[in-house]
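*Asks:* Below you'll find the structure I mean.
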Amino acid sequence: MTAETTGAVPWPDQGPRGVRRVVRPVAGVLPDGTPYYAPIGEIVSDGTTVTCHLCGRPLKSVAAHLRAHGWTKAAYCETFGLERGQSLEGQETRKRRAASFAPRLIFDPAIRAGSAAGRQRAAAGELAQDAARASTGRPLPEQRRRKAARAAVAASSEVAARANRNRAARHRAEVAAQVADDQGYPTLGGYVRARVAAGASLAAISREAGLNKDWLHRHLAEVDPAAAAAVRPGLAGRDGTRWLQAVTALGFADVPSYLRDRHLVRHQTVSAIGAEIEMSNHAVAAALARHGLARTAHAGKQKAARERVAQVAAALGVDSVPRYVAERRAAGWTWQAIAAECGQPSSWLRRQAAVPGA
């Protein structure tokens, strides 16, 4: 950061005091060596005046002042990373200009005609098209990038997630209303109730309505909870021909015994079961719920983790790995020393120490 001493132009209220010496800090230097006195991509204003990037003077209108530097507004905005529509005047100047323009908009025929033509082009979308063409290939101004960054910080991940959930819920409601209207029912729930009473499955109803076959399995409870609760007893125990063929080929008499063996005994995940019988994860999850079997997330990984803990405990001759880790730490052992004794990574040991009740 450097500073430059310049001769400041006296303001009208300075009278005969003449030119005084003002020291203005230099914010940076352009590639051609020109110093500038306000940050790139920012407008420095106190509400009444705006600081000129080229000389650092606070002015009521930098746009009018640029002629003294031989610059145009377009070149100024591009050089200093400002948006083309950025005002270069103080707030009070803008208010006076707007107040003086209002009567001209009423009494000046040329201005009235121009304003009407502009409104007509805006309504037809021509102004937006012109702006899009003008911005094509033009780098994004630093001022716009900073605005986008601030907006991104202001919109936290939680807010974004909530907005996404709300948008998805609205979309599901629109789809449900459209399906009900296409099928001639007042609501999606009424349509589903009638079709289930006629013996159709949710997958068949989804396909009949032109939806993904798992759509009603996933979303009926969200779109119409009353309908989901009403059709659940009618669907309980009802397995399609495809399900029965798949489990019979694997040596099971019915679907519940197959699911119980795979998920609760062998601890296979929903994905693994779906891959075995060539069905989707949603279809497997729906079958588990239909037969009253609790779904365990990451069942295979949890089983493997429990087996690993049991193996380490047996090798060390202890009944609890968390207690073993706690005792070693209390005796002053380092994580590396404990890891060397039991042959397990220190990260795994730290997770065992965090197990509740350790």
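*Asks:* In Å, what Rg and Dmax follow from the Cα atoms of the stretch 304-349?
*Replies:* Taking only Cα atoms of the stretch 304-349, I get Rg and Dmax of 9.9, 30 Å.
*Asks:* Also: Just name one of A123, A152, T79: the one whose Cα is farthest towards the positive end of the charge dipole of the stretch 37-162 (beta-carbon charges, Lys/Arg +1, Asp/Glu -1).
*Replies:* In the stretch 37-162, that residue is A123.
*Asks:* Any idea of the accessible area per residue across the chain, 1.4 Å probe, to the nearest Å²?
*Replies:* 60 Å²
*Asks:* If you don't mind, another one. Amide H neighbours of V26 under 5 Å, counting only residues 5+ apart in sequence or on other chains, H built in-plane at 1.01 Å?
*Replies:* T2, A3, E4
*Asks:* A further question follows. Counting only protein heavy atoms and using a 1.4 Å probe, what share of the accessible area of the stretch 280-358 belongs to carbon plus sulfur, as a whole percent? Each step should come with its number before you reach the end.
*Replies:* On the way: 2500 of 4700 Å².
Within the stretch 280-358, the accessible surface is 53 percent carbon and sulfur.
*Asks:* Also, quick follow-up: Using only alpha carbon pairs under 8 Å that are at least six residues apart, calculate the relative contact order of the chain and give it in whole percent.
*Replies:* Details: 325 pairs, mean separation 24.0, N = 358.
Taking the mean separation of contacting Cα pairs over the length of the chain, I get 7 percent.
*Asks:* Quote the convex hull volume per residue of the stretch 194-235, based on C-alpha atoms, as a whole number of Å³.
*Replies:* Working: hull volume 2.6 nm³, N = 42.
Convex hull volume per residue, Cα atoms: 61 Å³.
*Asks:* Across 10 Å bins from the origin, how do the percents of Cα pairs in the stretch 243-358 run, short distances first?
*Replies:* All Cα pairs, binned at 10 Å, distribute as 13, 35, 17, 19, 14, 3, 0 percent.
*Asks:* Using a Gaussian network model of the chain whose springs link C-alpha atoms within less than 10 Å, name the residue from A27, A169, A330 with the highest mean-square fluctuation.
*Replies:* A330
*Asks:* Per residue of the chain, what 222 nm ellipticity follows from adding -39500 (n - 2.57) for every DSSP H run with n ≥ 4, rounded to the nearest 500? The partial results should precede the final answer.
*Replies:* Details: 19 runs with 210 residues, N = 358.
Theoretical 222 nm ellipticity from helices: -18000 deg cm²/dmol.
*Asks:* How large is log10 of I(q)/I(0) for the stretch 77-227 at q = 0.10, 0.13, 0.19, 0.20 Å⁻¹ when the intensity is taken from the Debye formula with one equal scatterer per alpha-carbon?
*Replies:* Here the Debye-derived log intensity ratios amount to -0.73, -0.84, -1.16, -1.21.
*Asks:* What percentage of the solvent-accessible surface of the stretch 119-275, computed with a 1.4 Å probe over protein heavy atoms, is contributed by carbon and sulfur atoms? Don't skip to the answer; put the middle values down first.
*Replies:* Values: 5220 of 9530 Å².
Summing carbon and sulfur atoms, their accessible area is 55 percent of the total for the stretch 119-275.
*Asks:* Next question. Please give me, ordered by residue number, the trypsin sites (Lys or Arg not before Pro) of the stretch 263-350 that lie in loop per DSSP and have at most 15 other Cβ atoms within 10 Å. Don't skip to the end; give the middle numbers.
*Replies:* On the way: sites: R266, R290, R295, K301, K303, R306, R308, R323, R328, R329, R350; in loops: R266, R295.
Qualifying residues, ordered by number: R266, R295.
*Asks:* Students often check this: by mean Cβ neighbours within 10 Å, which of 244-253, 278-287, 191-200 ranks highest, and how do the rest follow?
*Replies:* 278-287, 191-200, 244-253
*Asks:* So, R0 is 22 Å and r is the distance between the beta-carbons of A124 and Q86; what FRET efficiency does that work out to, to 0.05? Working shown, then result.
*Replies:* Numbers: r = 26 Å, r/R0 = 1.17.
The computed FRET efficiency comes out at 0.30.
The values are calculated or read from the model by the stated rules, or taken from the named source; none is laboratory data. Just so you know, these numbers come straight off a predicted model, no measurement behind them. Cβ sites come from the backbone with ideal geometry, for glycine too, and all protein chains shown count toward neighbours. What goes into the accessible areas is simple: the full protein's heavy atoms, side chains included, and nothing from ligands, DNA or RNA. Shrake-Rupley method; radii C 1.70, N 1.55, O 1.52, S 1.80 Å.
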